[in-house]
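*Asks:* Could you have a look at this structure, given as structure tokens, before my questions?
The values are calculated or read from the model by the stated rules, or taken from the named source; none is laboratory data. Worth saying up front: this structure is predicted, and the values here are computed from it rather than measured. Positions of Cβ are backbone-derived with ideal geometry, glycine not excepted, and every protein chain shown enters the neighbour counts. Keep in mind that these areas ignore ligands, DNA and RNA; they rest on the heavy atoms of the full protein, side chains included. Shrake-Rupley method; radii C 1.70, N 1.55, O 1.52, S 1.80 Å.
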Amino acid sequence: MVPLQFVRRVALGSADSASRLVLAVLLLQSSVLAAEPEAAARATSPAASFVSRAASATEFFPLPENSELCTGDLIVALPGASFTSKNGSVAVKSLADYDGKSPLPVLETAFTLNEAKDVDLDIALDRGRVDFTNVKAEGAAVVRARFWNQSWKITLDAKGTRVALELCARWPAGSRFKLASGMDKPPEPIASLVLLVISGSAAADVGGLTLGLSAPPGPALVEWDSVAGVRPQRQKLDKLPAWADPDASLSPHGKKVAEGIEKFRKARAENAAGALKSFIDSADPIEQRIALVTLGATDDLVQLLQALAAARNLQEWDFGIAVVRHWLGRTPGNERKLYDRLVSPVLGFTPNTARTIIQLLFGFSADDLRQPETYEVLIEYLRHDQPSIRNLAAWHLVRLVPVGKTIAFKPNGTKAEAETAYGQWKKLIPSGMLPPPPKKK
């Protein structure tokens, strides 16, 4: 039988009425047509700008040009991908921080659309950045934005009003990994969100409190996190921050990243699996990074970890670790999913090794870093039988001890090379000692 999700993706993107008819028959043969989700928006960007996964599925599919975006599907957007709400009142665009100016690290954008019952658009933002623009001929447009346990109602007062939402979650440094029992409430990452009015004026209903906002110069910014909740004090800005300014020009590096993403989109539109493999195997560091982000964004943990284990240089390993840490913090429970994958037959790590890997990914608290034992353990890990633990230990050491950056580290190095590094680190930080202070300039 033809996979239902594939049939629906093609059918929604097809402009040919005959094709739609044939595919509709296939849907009927699947005996689940009545349960199909409804369209909530339409893509306005080229093919493969979005990939989508139905709620009951495990695989993502690239969406064709002008395809409909359906309720309940998890949709991952490339930077620059855009769509319009079903009623045509709200235009939405996914954006990325190519030059690292954003207050929150954004690697990718993902969301789920809900039926818009009393608003123009109902969106559950999973992570990343989206910008909403009122494109009505006249009057206000209303967006319900859901994230974590929040549901905010954002009113874009007039045509041209533009509001950005940026969401990210991460584990606090020094978090402790444990396999929670049924009685324990497991620890959670901390989520942070920024709402910014880029142009025009808006009102945000945040849990019964309505905040009037306007673009700079004005009260333009509202912040929230999953610990403190919303900060009702609006922040006045004299001008747009660099990360949100639509007129800001990209750096030369940012332009190369943008060009690389467009190259990937075109290749994915032709052959999704082939495009991903080509970028994973590429010698271009930008293409490597695009592939690693894509693996994390689409929950392909096994291939992401395998790509990380095969890292050919420090830059590839370093960015791959950033992607895994980003994935870990995306939602509560991801740490257990990673543990389960590590101990699965495919990867074959022992439970102790899996726990150690996740603990190293969590990092160290300020109190941990005041203890000589922290550095002793990391240095001893440089001799570990598992390359993943050796590499993670070295990854931490070169960040925590800047004077140690001259000690050679290769993620694909041999145990003999690791032994040499061990001796150099042991000399730099003897047992029972803290690292030497940074040299004064």
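*Asks:* Hey, Trp148 hits all of (1) within 23 Å of Lys101 (Cβ to Cβ); (2) open to solvent by 20 Å² or more (accessible area, probe 1.4 Å); (3) aromatic (Phe, Trp, Tyr) but one; which does it fall short on?
*Replies:* That leaves (1) as the condition not met.
*Asks:* Out of all the residues in segment 120-129, which are assigned to a strand (DSSP E or B) and either more than 16 Å from Leu104 (Cβ to Cβ) or open to solvent by less than 30 Å² (accessible area, probe 1.4 Å) (or both)?
*Replies:* Leu121, Asp122, Ile123, Ala124, Leu125, Arg127, Gly128, Arg129
*Asks:* Which ones in segment 354-388 are among the hydroxyl-bearing types (Ser, Thr, Tyr) and either within 24 Å of Cys168 (Cα to Cα) or modelled with pLDDT of 95 or more (or both)?
*Replies:* Scanning segment 354-388 gives Thr356, Ser365, Thr374, Tyr375, Tyr381.
*Asks:* While we're on this one: If you check Leu209 against the conditions, is it in contact with a helix residue (DSSP H, G or I) (Cβ under 7 Å, 6 or more places away or on another chain), surrounded by fewer than 19 Cβ atoms within 10 Å (Cβ to Cβ) and either closer than 26 Å to His326 by Cα or not acidic (Asp, Glu) (or both)?
*Replies:* Answer is no for this residue.
*Asks:* Condition (residue is in contact with a helix residue (DSSP H, G or I) (Cβ under 9 Å, 6 or more places away or on another chain) and hydroxyl-bearing (Ser, Thr, Tyr)) applied to segment 245-255: is it met by at least one residue?
*Replies:* Scanning segment 245-255 turns up at least one residue that is in contact with a helix residue (DSSP H, G or I) (Cβ under 9 Å, 6 or more places away or on another chain) and hydroxyl-bearing (Ser, Thr, Tyr).
*Asks:* I'm checking my understanding of the structure. Among residues of segment 79-89 that are open to solvent by less than 20 Å² (accessible area, probe 1.4 Å) and part of a loop (DSSP other than H, G, I, E, B), which one is farthest from Gly260 (Cα to Cα)?
*Replies:* Ser89
Residue-wise test of (1) under 22 Å from Ser201 (Cβ atoms); (2) open to solvent by less than 40 Å² (accessible area, probe 1.4 Å); (3) without any contact (Cβ under 8 Å) to a residue 60 or more places away in the chain; (4) touching a strand residue (DSSP E or B) at 6+ places or on another chain (Cβ under 7 Å).
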site	(1), (2), (3), (4)
Ala91	yes, yes, yes, yes
Ser94	no, yes, yes, yes
Gly100	no, no, yes, no
Thr109	no, yes, yes, yes
Asp131	yes, yes, no, yes
Val142	yes, yes, yes, yes
Lys153	yes, no, yes, yes
Leu165	yes, yes, yes, yes
Ala173	no, no, no, no
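*Asks:* Condition check: at negative phi, in contact with a strand residue (DSSP E or B) (Cβ under 6 Å, 6 or more places away or on another chain) and hydrophobic (A, V, I, L, M, F, W, C). Does Leu209 satisfy that?
*Replies:* no
One line per residue, one yes/no per condition, for (1) over 26 Å from Gln386 (Cα atoms); (2) modelled with pLDDT of 90 or more; (3) in a helix (DSSP H, G or I):
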residue	(1), (2), (3)
Pro232	yes, no, no
Asp247	yes, no, no
Ala275	yes, yes, yes
Arg289	no, yes, yes
Asp299	no, yes, no
Leu305	no, yes, yes
Arg312	no, no, no
Leu328	no, yes, yes
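*Asks:* From the list Arg312, Arg325, which one is among the charged types (D, E, K, R) and within 28 Å of Ser192 (Cα to Cα)?
*Replies:* Sole residue among the options that is among the charged types (D, E, K, R) and within 28 Å of Ser192 (Cα to Cα): Arg325.
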